Amino acid sequence: MKLPRFSIALIGLAFVLVSLSTPAQEPTRAAKREMKGIKLYSWPDNSTHQWNFVLMPGTNRNKTTAEIKASRNTLKTLEELKTRLATLAVGEYVFWDLRVDSQQFSLPPQEQVQQITAYCEARKLKLSILNNPPKQSPL
């Protein structure tokens, strides 16, 4: 059965209108904040020259370097991190923790830090960067 061109055009127009009227699917956000916030860890992967990120629930104990890096939830790109951040509850505390092991964990380039900071602000997340205190001079 061959459809007239007019019918094909109408079907195409209907498809375009439906797709334009359907908003992009927003990720579902958590209904409430985590009791002790979320920890964010970042480190460079020297073999790929990319940055790795992990988000983990905050706890009363410090996590080890091995535990963090072995996480199945390692995010390999900035976009993956943003997608995961988008699922956190409004007002969630995100602690970017660099205190675990300063030889292993660090901040990515300033441009990426600014992108992540701006993204958290836009998503109404409370981002804090936790650094080791500067070493005191022996004098």
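The values are calculated or read from the model by the stated rules, or taken from the named source; none is laboratory data. Predicted model, so just to flag it, every value in this text is computed and none were measured. For neighbour counting, all protein chains shown are included, and Cβ atoms are generated from backbone atoms with ideal geometry for every residue, glycine included.
Condition test on Ser42, is it surrounded by 18 or more Cβ atoms within 10 Å (Cβ to Cβ), touching a Pro at 6+ places or on another chain (Cβ under 8 Å), under 19 Å from Ser128 (Cβ atoms) and at pLDDT 90 or above? Reasoning before the result, please.
Working: surrounded by 18 or more Cβ atoms within 10 Å (Cβ to Cβ): yes; touching a Pro at 6+ places or on another chain (Cβ under 8 Å): yes; under 19 Å from Ser128 (Cβ atoms): yes; at pLDDT 90 or above: yes.
When the stated conditions are applied, Ser42 passes them.
What number of residues within region 67-93 satisfy the criterion of being without any contact (Cβ under 8 Å) to a residue 24 or more places away in the chain and within 13 Å of Met56 (Cβ to Cβ)?
At the first step, the residues of region 67-93 found to be without any contact (Cβ under 8 Å) to a residue 24 or more places away in the chain are 67, 70-75, 79.
Keeping just the survivors that are within 13 Å of Met56 (Cβ to Cβ) gives 67, 70-75.
Counting residues in region 67-93 that are without any contact (Cβ under 8 Å) to a residue 24 or more places away in the chain and within 13 Å of Met56 (Cβ to Cβ) gives 7.
Those residues that are under 10 Å from the mean Cα position of the chain (by Cα), under 10 Å from Lys124 (Cα atoms) and of a type outside the set (Gly, Ala, Ser), I need them from region 82-100; list them, please.
Leu88
Met35 - would you say it is in contact with a Gly (Cβ under 8 Å, 6 or more places away or on another chain), loosely packed, with under 10 Cβ neighbours inside 10 Å and either closer than 22 Å to Lys124 by Cα or at pLDDT below 95 (or both)? If you could, list the steps in order and put the result at the bottom.
Details: in contact with a Gly (Cβ under 8 Å, 6 or more places away or on another chain): yes; loosely packed, with under 10 Cβ neighbours inside 10 Å: yes; either closer than 22 Å to Lys124 by Cα or at pLDDT below 95 (or both): yes.
In short, yes.
Within region 50-139, considering only helices (runs of 4 or more DSSP H) that don't extend past its boundaries, which have at least 1 residues that are closer than 25 Å to Thr28 by Cβ and aliphatic (A, V, I, L, M)? Even if it seems obvious, please write down each step before you answer.
Details: elements: 65-69, 78-85, 110-122.
Passing ranges, in order: 78-85, 110-122.
Count, please, the residues in region 101-113 that happen to be farther than 24 Å from Glu67 by Cα and either under 13 Å from the mean Cα position of the chain (by Cα) or aliphatic (A, V, I, L, M) (or both).
So the answer is 1.
(1) at pLDDT 95 or above; (2) exposed (fewer than 15 other Cβ atoms within 10 Å of the Cβ): which one isn't true of Ala86, the others all being true?
(2)
State which residue is modelled with the highest pLDDT when the search covers only region 1-31 and only residues that are part of a loop (DSSP other than H, G, I, E, B), surrounded by fewer than 10 Cβ atoms within 10 Å (Cβ to Cβ) and not β-branched (Val, Ile, Thr). I'd like the intermediate steps shown before the answer.
So the first thing to find is which residues in region 1-31 are part of a loop (DSSP other than H, G, I, E, B), and the list is 1-4, 22-31.
Filter once more, so that each one left must be surrounded by fewer than 10 Cβ atoms within 10 Å (Cβ to Cβ): 1-2, 4, 22-26, 28, 31.
Now narrow it down to the ones that are not β-branched (Val, Ile, Thr): 1-2, 4, 23-26, 31.
Working: Met1: 54, Lys2: 59, Pro4: 59, Pro23: 48, Ala24: 57, Gln25: 67, Glu26: 69, Ala31: 91.
Among those residues, the one meeting the criterion is Ala31.
Which condition from (1) of a type outside the set (A, V, I, L, M, F, W, C); (2) farther than 15 Å from Ile38 by Cα; (3) touching a strand residue (DSSP E or B) at 6+ places or on another chain (Cβ under 8 Å) is the one that Glu92 breaks?
Among (1) of a type outside the set (A, V, I, L, M, F, W, C); (2) farther than 15 Å from Ile38 by Cα; (3) touching a strand residue (DSSP E or B) at 6+ places or on another chain (Cβ under 8 Å), Glu92 violates only (2).
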